[in-house]
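The values are calculated or read from the model by the stated rules, or taken from the named source; none is laboratory data. Not measured: the values here are computed from a predicted model. Heads up, the Cβs are rebuilt from the backbone with ideal geometry, glycines too, and the neighbour counts pull from every protein chain shown. The accessibility values were calculated without ligands, DNA or RNA, using every heavy atom of the protein model including side chains. Shrake-Rupley method; radii C 1.70, N 1.55, O 1.52, S 1.80 Å.
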Amino acid sequence: SGSPPAATLAVRTPAFVAFTSDGVWSGSGFELAWSAQQAACETDADCSGRGSCRDGECRCDVGAYGPTCSFEKCVGLSTIEGAVAGMLQAIDDSQDDYLSSVACRWELAMPTTIESLDPPLSVTGLRLNFSLFELEEPQVTNPDLGIRSSTTDAVRVLDGNGTILDTFSSTSNANRPTMGEAIALDGPPPFTLRFDTDINNPRPYRGFRAFFLAATKEETLCHAEHFPCTDVEKPECRLFAGEAHGYCTAKSSPPTSALLPASLAATFAVLLLIGGLCCVVQRRRRRRLKGIIEEAEREFARWEPLPEEHRGATALRAQLTESILRVRSSLSFRGTDVGDSRPGSGNASPAARGVRSLPKRQRPRVVSAVGLPEERYHCFLSHVWSSGQDQAKALKGQLQRYVQNISPFLDVDNLDDTARLEEHVGNSEVVIVLLTGSTPARSCPSSPPGGARSDYFGSANCLRELHAAVARSKPLLLVLETDPTHGGVPLEVHRSACPAELRAKVFSAPLVTWHRLRPFQMCSMKLLIVELLRAWKAAGADQPIFLPGDLLRSPPPPLATKRSLHVYFSRDNAGAAAVAAGIAEASGQQLRSTDDPAQARAACAFLLYLNGATFAAGERAEVLGREVHEALEGDRPFVLVHERRDGDAGAATFDDIIAATPAALRDAGIYRPIATPLHGGPHAEVSLRLGLGQI
């Protein structure tokens, strides 16, 4: 809208294309071709030479945006990795109007500590300076009555906790920034700058251009052009090498040696240099240790706080265990850093490498693996390459992220000879079995019918690893892939394919389901870490743990509304009442719901429960279809919940549900909102909390 679109646009799925027209002008329309891509990038070359590829996502340099860093304007979510200063803009310099109906986000993934300063300082906020700010303004639509149009176009700044620090728009002078004037915002990183626009612009607007700079407690950082030094004692901005930003310092003064005799000046200079170096080393060491503690607190899994009466005994037991492990580690590692992810590998996180050297009273209560000698591993990731390689790689990364000092074995990283498979299984404390499979439709379109099959139990090397684990009485942990597009097949398929002599041993092991959505994946990781602690017979394995950022640790959001009801669900939507009751329990009984059609319009949203029977042929489905169609015509919001629980009689794939949905409902946009999957077991609480978040 307002300018020609880019020739190629990469967006994240699921994506929707909406075409809205008015009655003012008629054109020839548009033609759009699309194709699905597995990930935004695989190597740095996929990021247009303007960023780096990490975990399938392009981390763009300053001034580059979009999933492949190919744009000079905001397109969806753009992550700016490690930038302390830079520039953000809504449109290219060649354009005169920004897009409507967009939600652009810049995630400023800046470091929490500026290590280039001496001493290093923590980032405590963000400074902004707008050189252009031209957003849609309310227009007078009826001068006689003084009626003005409304607009929601705004720039919002959020801190690392998701708190909105400030909102800038053209609706009033109160929140319109002054050009060329620095704005200071306090909050923890990483910061997110969000640009939201409504459906239209009455006339062209050029958007905004803003320069940002990380802020420290004493405003030490500066920029040569946009953020000058304001401290009269430190008026000079000394730039870092190759950068346009630097730090504020006092003006240069004559050296002391010019006022002293040459020999005395030389001696004084040497002593001063030695003393200064010692102070710098000590300061950096203290800062580094503090950063290690903070990083460990953020990244590693942690134990839940104990009741007050148990803390003294537990602390004493932990000190005794720690002393024993320190002696054992010093004898076993023979000089190897106990923080390494694998002995001698040097690929652990900075927090894992340094936290063992901290004083006992400073160490966070993080979940840590016991030290092991060379060539031994805490767990062995047994998987089949054809359908489980990406899960194994992701699982290893998640374990190293959440468990301190853990050393997982993964063949692509640690195996040098397949003849040594059994030996490596014997040198591992636990064997994690990743159960993946395939269907004829997934493996080959021309495959003969035969249903799903287990790729894992069809692999000779995987069976070698299982036989070795059973023969050596190694604890087993099963991880079941649930996504059919990534090797997910029912557990019974794996059970029937397992050799009879292994079946009882394998399927009596603990089972954890693997999900790809982050809230569910964090729940899976917590369950897996708990089972690993039990298999290791670790001290405190019976105590609960949590992962930083766990959705369920935060209190339910308040459901504040001026309406009398939150949701309406149809009596002809079988199962919706139970879902509403579950969400009400997850909300702390805040949710007010009804199935009375007379009160449907008094509710904020229409709750629609989707399974195989929702739109199946029958009178109830027809009545439900009419209710849904009426709600769509009235522009009432929908909250969709998709049944994914194992063993549920009505469970069906989303493709099957869409195929059974009346065409009129599909065309009206029933599936425009994202459906929340309803999983069972320990993941059910996560599903209900996500549904509550949608409401």
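Kindly establish whether ARG553 is in contact with a Phe, Trp or Tyr (Cβ under 7 Å, 6 or more places away or on another chain), open to solvent by 60 Å² or more (accessible area, probe 1.4 Å), at pLDDT below 90 and over 30 Å from LEU463 (Cβ atoms). Spell out how you get there, then give the answer.
Details: in contact with a Phe, Trp or Tyr (Cβ under 7 Å, 6 or more places away or on another chain): yes; open to solvent by 60 Å² or more (accessible area, probe 1.4 Å): yes; at pLDDT below 90: yes; over 30 Å from LEU463 (Cβ atoms): yes.
It is true that ARG553 is in contact with a Phe, Trp or Tyr (Cβ under 7 Å, 6 or more places away or on another chain), open to solvent by 60 Å² or more (accessible area, probe 1.4 Å), at pLDDT below 90 and over 30 Å from LEU463 (Cβ atoms).
Checking ILE147 against (1) at pLDDT 80 or above; (2) open to solvent by 50 Å² or more (accessible area, probe 1.4 Å); (3) touching a strand residue (DSSP E or B) at 6+ places or on another chain (Cβ under 7 Å): exactly one of these is not met. Which one?
(1)
What do you reckon, is SER570 hydroxyl-bearing (Ser, Thr, Tyr) and within 30 Å of ALA616 (Cα to Cα)?
On the way: hydroxyl-bearing (Ser, Thr, Tyr): yes; within 30 Å of ALA616 (Cα to Cα): yes.
Taking the combined requirement at face value, the residue satisfies it.
Taking the condition part of a loop (DSSP other than H, G, I, E, B) and modelled with pLDDT under 75, does SER21 pass? Quick ask: steps written out before the conclusion?
Values: part of a loop (DSSP other than H, G, I, E, B): yes; modelled with pLDDT under 75: yes.
It is true that SER21 is part of a loop (DSSP other than H, G, I, E, B) and modelled with pLDDT under 75.
Here are some residues: ILE583, ILE529. Which one is in a helix (DSSP H, G or I) and touching a Leu at 6+ places or on another chain (Cβ under 7 Å)? Show your work before the answer.
Values: ILE529 fails: touching a Leu at 6+ places or on another chain (Cβ under 7 Å).
Sole residue among the options that is in a helix (DSSP H, G or I) and touching a Leu at 6+ places or on another chain (Cβ under 7 Å): ILE583.
Answer with yes or no whether ARG645 is touching a helix residue (DSSP H, G or I) at 6+ places or on another chain (Cβ under 9 Å), within 30 Å of GLN398 (Cβ to Cβ) and free of Cβ contacts under 8 Å to residues at least 40 places away in the same chain.
yes
Where in region 155-250 are the strands (runs of 3 or more DSSP E), entirely inside, with at least 3 residues that are closer than 18 Å to LEU121 by Cα and not aliphatic (A, V, I, L, M)?
Numbers: elements: 164-168, 183-186, 191-196, 207-216, 221-223, 236-239, 245-249.
Once the strands (runs of 3 or more DSSP E) in region 155-250 are filtered for at least 3 residues that are closer than 18 Å to LEU121 by Cα and not aliphatic (A, V, I, L, M), what remains is 245-249.
In region 580-633, what residues are open to solvent by less than 60 Å² (accessible area, probe 1.4 Å) and of a type in the set (S, T, N, Q)?
Within region 580-633, SER587, SER593, THR594, ASN611, THR614 qualify.
I'd like to check something: does region 276-290 contain any residue that is surrounded by fewer than 11 Cβ atoms within 10 Å (Cβ to Cβ) and modelled with pLDDT under 80?
No - not one qualifying residue is present in region 276-290.
So MET110 ticks every box in (1) more than 22 Å from ALA214 (Cα to Cα); (2) open to solvent by less than 20 Å² (accessible area, probe 1.4 Å); (3) modelled with pLDDT of 80 or more but one. Which box is left unticked?
The failed condition is (1).
Within region 673-687, work out how many residues are within 25 Å of HIS566 (Cα to Cα), in contact with a strand residue (DSSP E or B) (Cβ under 8 Å, 6 or more places away or on another chain) and not β-branched (Val, Ile, Thr).
Of the residues in region 673-687, 8 are within 25 Å of HIS566 (Cα to Cα), in contact with a strand residue (DSSP E or B) (Cβ under 8 Å, 6 or more places away or on another chain) and not β-branched (Val, Ile, Thr).
Which one of these does GLY540 not meet: (1) part of a loop (DSSP other than H, G, I, E, B); (2) closer than 22 Å to HIS424 by Cα; (3) in contact with a strand residue (DSSP E or B) (Cβ under 7 Å, 6 or more places away or on another chain)?
(2)
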